[in-house]
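The values are calculated or read from the model by the stated rules, or taken from the named source; none is laboratory data. All values reported here derive from a predicted model rather than from experimental measurement. Glycine gets a Cβ as well: all are built from the backbone with ideal geometry, and neighbour counts include every protein chain shown.
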Number of protein chains: 4
Amino acid sequence: MTTFAPIFVPAAVRGAVSDGAWLAAMLETESALARAEASAGVIPADAAAAIAAACDPAGFDVEAVCADGRAVGNPAEPLVRALRERVGGEAAGFVHYGATSQDVVDTAAMLVSRAAVGAIDEELDGVATACARLAAEHRSTPMAARTLLQQAVPTTFGAKAAGWTVDVVGARDRLRAVPFQAQLGGAAGTLAPLGERGLAVLGAFAAELRLAEPVVPWHTHRGSLATLGGALDAAAAACAKIGLDVVLLAQTEVGEVAEAPGGGSSTLPHKRNPIRAVRARACAALVHANAGLLGGGGNEHEHERAAGAWHAEWTALTEALAHAGGAAAAARECLEGLEVFPERMRANMSAALYAERDAFGLDDDAYLGSAEAFVDRALARIRDTSG
Amino acid sequence: MTTFAPIFVPAAVRGAVSDGAWLAAMLETESALARAEASAGVIPADAAAAIAAACDPAGFDVEAVCADGRAVGNPAEPLVRALRERVGGEAAGFVHYGATSQDVVDTAAMLVSRAAVGAIDEELDGVATACARLAAEHRSTPMAARTLLQQAVPTTFGAKAAGWTVDVVGARDRLRAVPFQAQLGGAAGTLAPLGERGLAVLGAFAAELRLAEPVVPWHTHRGSLATLGGALDAAAAACAKIGLDVVLLAQTEVGEVAEAPGGGSSTLPHKRNPIRAVRARACAALVHANAGLLGGGGNEHEHERAAGAWHAEWTALTEALAHAGGAAAAARECLEGLEVFPERMRANMSAALYAERDAFGLDDDAYLGSAEAFVDRALARIRDTSG
Amino acid sequence: MTTFAPIFVPAAVRGAVSDGAWLAAMLETESALARAEASAGVIPADAAAAIAAACDPAGFDVEAVCADGRAVGNPAEPLVRALRERVGGEAAGFVHYGATSQDVVDTAAMLVSRAAVGAIDEELDGVATACARLAAEHRSTPMAARTLLQQAVPTTFGAKAAGWTVDVVGARDRLRAVPFQAQLGGAAGTLAPLGERGLAVLGAFAAELRLAEPVVPWHTHRGSLATLGGALDAAAAACAKIGLDVVLLAQTEVGEVAEAPGGGSSTLPHKRNPIRAVRARACAALVHANAGLLGGGGNEHEHERAAGAWHAEWTALTEALAHAGGAAAAARECLEGLEVFPERMRANMSAALYAERDAFGLDDDAYLGSAEAFVDRALARIRDTSG
Amino acid sequence: MTTFAPIFVPAAVRGAVSDGAWLAAMLETESALARAEASAGVIPADAAAAIAAACDPAGFDVEAVCADGRAVGNPAEPLVRALRERVGGEAAGFVHYGATSQDVVDTAAMLVSRAAVGAIDEELDGVATACARLAAEHRSTPMAARTLLQQAVPTTFGAKAAGWTVDVVGARDRLRAVPFQAQLGGAAGTLAPLGERGLAVLGAFAAELRLAEPVVPWHTHRGSLATLGGALDAAAAACAKIGLDVVLLAQTEVGEVAEAPGGGSSTLPHKRNPIRAVRARACAALVHANAGLLGGGGNEHEHERAAGAWHAEWTALTEALAHAGGAAAAARECLEGLEVFPERMRANMSAALYAERDAFGLDDDAYLGSAEAFVDRALARIRDTSG
């Protein structure tokens, strides 16, 4: 129950992780299963066609399915019942053939995740592009570097943006590398009713959905989910780092950047709040909390199906995806409209900043050290990975 | 975005924490503020009446308010604008007088929490009653106590239920003791525009809403929110402990209890899954993750208004309330329908269980030790607190 | 393994939570048990005397006990063996009579916690005193209030310190209210070998150690541990809030406060880092992470003894205590040496700050609103609770 | 402060993450820096030789260094002072030349992590080997698969072990892929005093230590630390999953496996507790809590050096490494000594198990489905990655 969701989560991501999207993904899963089983000769081709035709989300009421699911603790069982009724006739008996509820929900979770990650990736790309643009534009714009929030030595704003760039590109690439695996194991991971054709069905099923084929069912081995959760967490954290730096640079007393107008206040219309940066930070905190329920230590899955840990994942995954999208969108909006004030940056540079220069006997050319060279390295890095 | 919410969260709690409930609570806050300010002579009485009349949630579209709130990062600012428009005339200028967005959202959060906690408390009371009934009925029903999941010594099922009872009653009482404080500080905690009548307004405002009056504004001091979060976490954990024990006792190989029918499977209709126990455990994991964002270490609120930590609380609070309700409802349903099989309990008691009895030379009367006395103490405890 | 512990944790707290302190507390527990059992007529008085005499920590090697404990997964079993050997003769058979390892470790945990909380409480008292002093001294020192890190309206530094005061006093009082309960249930919570004298022994045992007597054994009901964890978390968070505000006020560009000299740098000796504030924040993050393992949702304890969740508590409790002490000591040191620069505060106040004053037509007397009144309320609050 | 560390953490890992190991790694870093700077012509070769010679850990007292570090909040500054004193003469001025404390601590963290991960990897390899052996030996040993802890359909013990194998191998490979990066940026990430030779020094420094060369300094971009934390978490979770299954299978009423003798009890010597499995679960909970402080959302690093988040990492990293080692060692010991009871597995298989077989009209050959094929796939997977 993301409170006030439209404030935080972009519409594309909200749509991708809604209950309706989950339902559609479960139906896509049932359809793919039927087609895979027909192609492997396990069920008749016309039954598969009838099932696929019936898997139109418009024919199902997600609220009713969830309400029915309370008794059994998952939405797949009532959905399968409703689908069988809709298919009717002999073909009804081939719906969900040999599969278990977790096959459907886990596979749907991967489809939902892939779609949401696609939308998040676009936002992250926008963040990376905006970072790189700032790095290039301000490659040589001097400003104070600050450690423990004290001015330390000179740097350039481009070097700061270069750090953001490398972090965001790394997080984006990590997210792109996450494998999305199909799930199909039947009642307890043996694909028993499919007999010797089980592995053929598994391969065809994964191929139908363009998902990776797992070595073994992963009903209670959630390492790949942890990989996804970790990647979402890192992506949101990279966005929150940008948000934090912007909030600090936009302070009244610092005034080195400002977000585009918009972040007003209900009492003080003159204020220009860095609200996109704020949203990025808030979203990242929520991603972190929810990612902690995805596959790491303390999330234990008993035997061949967990008695609780699995059920907690659905909301945790949805929230992690939603707020990762929120963090990325907020960081992108923040940077795309960012005003940068080089004069203020220079004016803020305190005398103490030059202490190191003087201590080391550096000349004015040298006192920025390798700041510009690091910008160039960061820009090369983003070029390498976006080609 | 609680995925498949109706599976986990009871309708009363879902309603109490919905975006619509938040909106209604914000309007109730604006209405109470106007009335308090009129009573303190800060704004005209007829303006207050006009404002109060306009604070009917039916006149507002929560989706539109949230969409408008994206630019400023909170829902109060667009709501105030919409309310001013609705009030119109001179009275419009007295809407939200001297208050800040966080006053409205924080106070609304306390109203939402109080309502939700009321619904959770009813469920917890049901859990406690069911625990106590089982403790009384099975005061002397022998069963194996298990440590590290190995049979250790004999106990009674009543003693096990007595442990649940004391834990749930303690958690319920802790939740009942949580203070719900009004929030009113104005733009930055000084109540500046209210002048010398500020404290009078604060007192009247809190009284209107039957909320506690804080010593000072708590915009960035979230200790009381941490108290609420901790109480929800402990309540859900007490319910999850019951769920865990039931799941273990209901194992096929143990078979000492069974949930009421209902928890079927999409493949195996013969299965009788302990699904309510499972739901309690899943909900508790989600409460824990979200309670961690409410006021503890790592949730830092800068100066007089946080730049992110506050915004993350809204969803975290909603989720913590929703799933605490879910855990309590699940535990209640689990225990109210629980079948207990004393014969199986006795049959399961292994020879090794008697090792301690023999080692200590205990007779048959003594080998249950103080199990029954502990039941009596637990029942006295629940009587003391429920009078 | 607190890395570089002396940097973060004050010596008194380090001592209170060391392995040696745990060992001493376990021996104190064994001694109290023997005396309680003698007083209840369960074991001979001279056996109790012999046991009590042998419970001198100097006679035991904590490293060796822990190494021996690896095989059984806890330190109590090897300690009991070593103690029996040390006692020798017939009395050896009365060592640990009727108790279980968890009775000893849990009771020791409460003794360790009580001692550590005592030391933490002293530090918190120092923090509260320093806060109150600053609030009183700067009751009328004007400064900018900042929301979302933007200057908003005027406040006083006293009002800021008043907020800290109320938060810290609340956290301190919450910590003082935590109950420390004895644990005694025997092998699985029935006190079986003690027969009808079980409850008498339990009462005497708790009294010997000045611990609360639990209604029932709490081996797998950890609500009271969650209460302790939550109180430590809230205390550390209150200290971290102070740290955060100090870090922000001490920024080069703000310069409204400075910590006492000391926080130098390995490269830049001119820097005056707010290192105590930094330590408070770091410690609070560690408290939060560890408190999450103490009794909340997701920490499940099976049946009558947990198969893992209990064992994880020992380190989590030690770390939470250690770093809560670290946070409090750091905040105290930070505030006790804090230099405040009222001129800089006034000079930093931007023109925009007066927008509200002008918008509301406030005069200069009124523009601080109730800031001073809130200081008075906070000071009254600390007087009420420290009397 | 890992309480009772020898119970949980193997000696090799304890050694690798001790304060002494951190100190040695900091000295190795200083030595490598001097040598790299000499090779780049930044400092004289004989100064580098003098520094390298002085970097013998035996010459330093880690307790004293930490005590000195309290004032500045890190151990590098006092260590550098001590090292300069030890080097003496003109060469003293070239100690730590152009570096900052965080360069030393972060690089040391990577050296410590690499060594600890090496030891953890060995343990994980042992876990994987033991899993694979069990999978191969019990490829066709029938047992009940259990979902929600209810018997569901038949599987083989080999298939269960195959699931463990794939999970552990995946986690091990993920851990092996973690990059360990050198850190060198100077006071604020510009390498200013090194002038145009900065990048050459960075490259030589990384090469000296066989660490990866970062694109830009990562003082406040902690994505790679999050990668390490996530990998440790996933590895420990994979071990805890094994622990959970073993605890459940070893229940008195199930009795399908038993750990090697050793896990006795202080009261009940007949008990054979699955204590290694218990230790794996406890360790994984601790890894998870600490990994949450490593680089994910909510761990914010300000500007060019964090004012708290960095300082919290040291203990969190040490604990995460230590307990990941603990989890892996426990799982390895658990499986290496595991007794498996095929007769009991078969005897436990309830009539209900055959419901699916009958419902689908499967014959006896088919009812294990692809269980054996999945074993073969898992064994192929481990062969592929261990070649």
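Can you pull out the residues in segment C:39-60 that are outside any helix (DSSP H, G or I) and either buried (at least 19 other Cβ atoms within 10 Å of the Cβ) or modelled with pLDDT under 95 (or both)?
Matches in segment C:39-60: C:VAL42, C:ILE43, C:CYS55, C:PHE60.
Six or more apart or on different chains, Cβ under 7 Å: which pairs go from a residue in segment B:43-69 that's within 17 Å of B:HIS96 (Cα to Cα) to one that's part of a loop (DSSP other than H, G, I, E, B)? Could you list them?
B:ILE43/B:TYR97; B:ILE51/B:VAL95; B:VAL65/B:PRO75; B:GLY69/A:PHE4; B:GLY69/B:PRO75
Can you find, within segment C:243-257, the residue that is nearest to the chain's Cα centre (by Cα) among those that are over 16 Å from C:GLU343 (Cβ atoms) and within 11 Å of chain A (Cβ to nearest Cβ)?
C:LEU244
Restricting the search to segment D:340-356, which residues are free of Cβ contacts under 8 Å to residues at least 40 places away in the same chain and at the interface with another protein chain (Cβ under 9 Å from one of its Cβ atoms)?
D:ALA355
Under the condition of being in a loop (DSSP other than H, G, I, E, B) and not polar (S, T, N, Q), which residue from segment B:1-20 is surrounded by the most Cβ atoms within 10 Å (Cβ to Cβ)?
Looking at the filtered set, the residue picked out is B:VAL9.
Could you tell me which of the residues C:ALA240, C:ALA260, C:ALA284, C:ALA277 is within 13 Å of chain D (Cβ to nearest Cβ) and not in a helix (DSSP H, G or I)?
From the options C:ALA240, C:ALA260, C:ALA284, C:ALA277, the qualifying one is C:ALA260.
State whether one or more residues within segment D:214-234 are in a helix (DSSP H, G or I), crowded, with 24+ Cβ neighbours inside 10 Å, out of contact with any strand residue (DSSP E or B) (no Cβ under 7 Å at 6 or more places or on another chain) and β-branched (Val, Ile, Thr).
Among the residues of segment D:214-234, not one is in a helix (DSSP H, G or I), crowded, with 24+ Cβ neighbours inside 10 Å, out of contact with any strand residue (DSSP E or B) (no Cβ under 7 Å at 6 or more places or on another chain) and β-branched (Val, Ile, Thr), which makes the answer no.
If I filter segment A:307-330 for residues that are in a loop (DSSP other than H, G, I, E, B) and either within 11 Å of chain B (Cβ to nearest Cβ) or buried (at least 24 other Cβ atoms within 10 Å of the Cβ) (or both), do I get at least one hit?
Among the residues of segment A:307-330, at least one is in a loop (DSSP other than H, G, I, E, B) and either within 11 Å of chain B (Cβ to nearest Cβ) or buried (at least 24 other Cβ atoms within 10 Å of the Cβ) (or both), which makes the answer yes.
Kindly establish whether A:ALA359 is touching a Ser or Thr at 6+ places or on another chain (Cβ under 9 Å) and either touching a residue at least 24 places away in the same chain (Cβ under 8 Å) or among the hydroxyl-bearing types (Ser, Thr, Tyr) (or both).
no
Looking at segment A:208-250 only, could you name the residues that are closer than 18 Å to A:ARG176 by Cβ, among the aliphatic types (A, V, I, L, M) and without any contact (Cβ under 8 Å) to a residue 60 or more places away in the chain?
Of everything in segment A:208-250, just one residue is closer than 18 Å to A:ARG176 by Cβ, among the aliphatic types (A, V, I, L, M) and without any contact (Cβ under 8 Å) to a residue 60 or more places away in the chain, namely A:ALA212.
Evaluate segment B:181-196: report whether one residue or more is modelled with pLDDT under 95, out of contact with any Phe, Trp or Tyr (no Cβ under 6 Å at 6 or more places or on another chain) and over 23 Å from C:LEU362 (Cα atoms).
No; the residues of segment B:181-196 include none that is modelled with pLDDT under 95, out of contact with any Phe, Trp or Tyr (no Cβ under 6 Å at 6 or more places or on another chain) and over 23 Å from C:LEU362 (Cα atoms).
Go through C:VAL87, C:VAL80, C:VAL95, C:VAL62 for me and flag whichever is at the interface with chain D (Cβ under 8 Å from one of its Cβ atoms) and β-branched (Val, Ile, Thr).
The conditions single out C:VAL80.
Regarding segment B:21-38, can at least one residue be identified that is touching a residue at least 24 places away in the same chain (Cβ under 8 Å) and part of a loop (DSSP other than H, G, I, E, B)?
No; the residues of segment B:21-38 include none that is touching a residue at least 24 places away in the same chain (Cβ under 8 Å) and part of a loop (DSSP other than H, G, I, E, B).
Restricting the search to segment A:123-144, which residues are assigned to a strand (DSSP E or B) and buried (at least 21 other Cβ atoms within 10 Å of the Cβ)?
A:MET143, A:ALA144
Does C:VAL80 meet the test of being in contact with a His (Cβ under 7 Å, 6 or more places away or on another chain), more than 18 Å from C:ALA316 (Cα to Cα) and surrounded by fewer than 24 Cβ atoms within 10 Å (Cβ to Cβ)?
yes
Pairs under 7 Å by beta carbon, first residue under 20 Å from B:GLY170 (Cβ atoms) in segment C:292-321, partner acidic (Asp, Glu), six or more apart or different chains?
From segment C:292-321, the pairs are C:LEU293/C:GLU313; C:LEU294/C:GLU313; C:GLY296/B:ASP233; C:GLY297/B:ASP233; C:HIS303/B:ASP245; C:ALA309/C:GLU300.
The rows are residues; the columns are (1) more than 9 Å from chain A (Cβ to nearest Cβ); (2) basic (Lys, Arg); (3) touching a helix residue (DSSP H, G or I) at 6+ places or on another chain (Cβ under 9 Å).
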residue	(1), (2), (3)
D:ARG139	yes, yes, yes
D:ALA144	no, no, yes
D:PRO154	no, no, yes
D:GLY158	yes, no, yes
D:ASP167	no, no, yes
D:ASP173	yes, no, yes
D:VAL178	yes, no, yes
D:GLN181	yes, no, yes
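Considering each residue of segment A:290-304, count those that are at pLDDT 95 or above, part of a loop (DSSP other than H, G, I, E, B) and either crowded, with 24+ Cβ neighbours inside 10 Å or touching a Phe, Trp or Tyr at 6+ places or on another chain (Cβ under 8 Å) (or both), and give that number.
5
Any residue in segment B:92-105 that is assigned to a helix (DSSP H, G or I), of a type in the set (Gly, Ala, Ser) and surrounded by fewer than 24 Cβ atoms within 10 Å (Cβ to Cβ)?
yes
Go through segment D:347-374 and count every residue that is within 23 Å of D:ALA130 (Cβ to Cβ) and charged (D, E, K, R).
Number satisfying all stated conditions: 1.
Regarding segment D:337-359, can at least one residue be identified that is modelled with pLDDT of 95 or more, under 27 Å from D:ASP125 (Cα atoms), in a helix (DSSP H, G or I) and of a type in the set (D, E, K, R)?
no
Could we say that D:ALA378 is at negative phi, modelled with pLDDT of 95 or more and facing another protein chain (nearest Cβ under 7 Å) here?
Yes, satisfied.
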